[in-house]
Amino acid sequence: MPRNLVFIAPYLKPQTLRFVDAVRGLDDVRVIGLCQRQDGIVPADRARFDDLVECEDCFEIEALEKTIRSVESTHGSLHRILSILETIQHKVAIVRERFGLAGLTPEVAERFLDKNVMKAKLRELGLPCARHALIRDASEADAFAKSVGWPIVVKPPVGAGCLSTFLVKNEDDLRNALAEAAPSADAPAQAEEFITGEEFSFDTVVVNGEVRFHSINHYLPTPMEVVRNPWIQWTYLSPREVDTPEFADVCAIGAQAVESMGLEFGLSHMEWFRRPDGSIAIGEIAARPPGAQIVPAMGVAHETDFFRVWARAMVDGEFDGPFERKWAVGTAFLRGQGSGRVSHVEGIDEVKNRHGALIAEEYIPVIGAEKSESYEGDGHFLLKSKSTEEVGRALKDIVSTVRVHYH
């Protein structure tokens with residue numbers, strides 16, 4: 001009998017479907033997709049699943065449970081309930097617990113999702129992270145700003161990455177941020193010390209509560225700059241050598257942080273800073289695969305399918321490594337100024353002529369497509385080389401050369 005796997009994917013986005021394909025490629029599985037009720041689901045996407053069921057509301061616990069009960073009555077007992085979407089992790093964990101299935105528990109999911117709970121746990125363990133506080137009104141915001149000094153960051157305590165995040169440099173900025181965030185006793189906002197320095201990610205594979213693999217990416221520029229300036233064509237660089245003295249401290253701290261948070265199986269994504277004085281500060285940790293095309297980039301760097309690595313950890317509880325890191329990799333994201341639809345793109349031929357030998361994966365902006373609202377923009381180039389420096393130079397050249405225009 002195949003193992004029944006419910007994969008909750010409210011919207012069938014291309015990157016999500018790569019995880020679905022990896023799960024379906026495992027031995028002895030039946031993959032039942034659960035998506036938001038919607039028009040226009042194409043046959044090719046339905047074919048990625050053994051069965052695809054539409055849910056009235058994938059973001060509501062009772063609706064999820066009701067739909068999954070129906071799946072269980074049709075297909076039999078369930079083996080796992082899976083999802084990669086961070087914003088529904090806690091709700092999925094509650095439903096998973098109701099079915100008595102292994103996986104991320106509600107307690108652990110909340111620890112990862114709620115930034116205040118997360119940072120309190122890290123500080124309790126003596127791990128370095130930004131000073132923080134929940135703020136319910138202007139007086140609490142003023143008190144926090146005075147205690148840490150300008151600038152500070154104001155954002156929701158629950159959310160993904162830099163979305164809905166305000167960089168607050170003075171009192172006027174603070175008033176504007178509070179007007180937008182509208183904190184209250186029932187819905188406080190998160191205030192944090194603004195960390196200066198270079199920003200990186202620390203991405204892991206965890207099996208049986210132990211970090212079995214790690215990778216590092218250098219964001220150029222920082223994600224907050226990217227979100228605040230939607231025209232920036234940004235990059236990240238993943239060096240060929242990560243087990244070096246330069247990263248020894250974060251490898252130790254990162255592994256301790258991820259393991260202490262309680263993740264048992266899967267991929268994690270930690271954002272961290274190297275301050276000007278050389279010290280480390282943890283930004284946030286997520287109990288999910290990284291976005292920003294990092295999963296395929298890790299695959300290219302190690303000549304390994306990391307979508308399958310995730311699936312093996314989540315479904316089989318296994319890790320097939322260790323994996324040799326063979327390449328430096330990096331991704332350049334293609335974004336432009338303005339709005340509307342993509343009218344034309346400059347510089348693609350020049351980039352291919354100069355760096356064609358380095359291009360491992362490409363997605364060229366589609367003429368006529370509506371401008372993407374994603375921080376990943378309308379396209380990207382994924383590069384690889386034996387030389388970290390060569391990848392870095394090529395990434396800079398790509399974002400200096402390519403221009404995306406809209407009308």
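The values are calculated or read from the model by the stated rules, or taken from the named source; none is laboratory data. Every value quoted in this text rests on a predicted model; they were computed, and no experiment measured them. Cβ sites come from the backbone with ideal geometry, for glycine too, and all protein chains shown count toward neighbours. Side chains are part of the model used for accessible areas, which takes the heavy atoms of the whole protein and leaves out ligands, DNA and RNA. Shrake-Rupley method; radii C 1.70, N 1.55, O 1.52, S 1.80 Å.
Among the trypsin sites (Lys or Arg not before Pro) in the range 248-331, none is located in a DSSP loop while being surrounded by at most 11 other Cβ atoms within 10 Å of its own Cβ. Distance check, please: which entries in 91/146; 13/115; 115/386; 121/146; 155/371 exceed 32 angstrom between their Cα atoms? Violating the 32 Å Cα-Cα cut-off are 91/146; 115/386. Counted by Cβ distance under 11 Å from residue 221, the other residues give a net charge of -2, where Lys and Arg count +1 and Asp and Glu count -1. Taking K and R as +1 and D and E as -1, what net charge do the other residues with C-beta under 11 Å from the C-beta of residue 303 add up to? Neighbourhood net charge equals +1.
When a 1.4 Å probe is rolled over the protein heavy atoms, the share of accessible surface on the range 77-213 that falls to carbon and sulfur comes to 47 percent. Residues 384, 155, ordered by accessible area of protein heavy atoms at a 1.4 angstrom probe radius and largest first, appear as 384, 155.
For the range 253-384, the fraction of 1.4 Å probe accessible surface lying on carbon and sulfur atoms is 46 percent.
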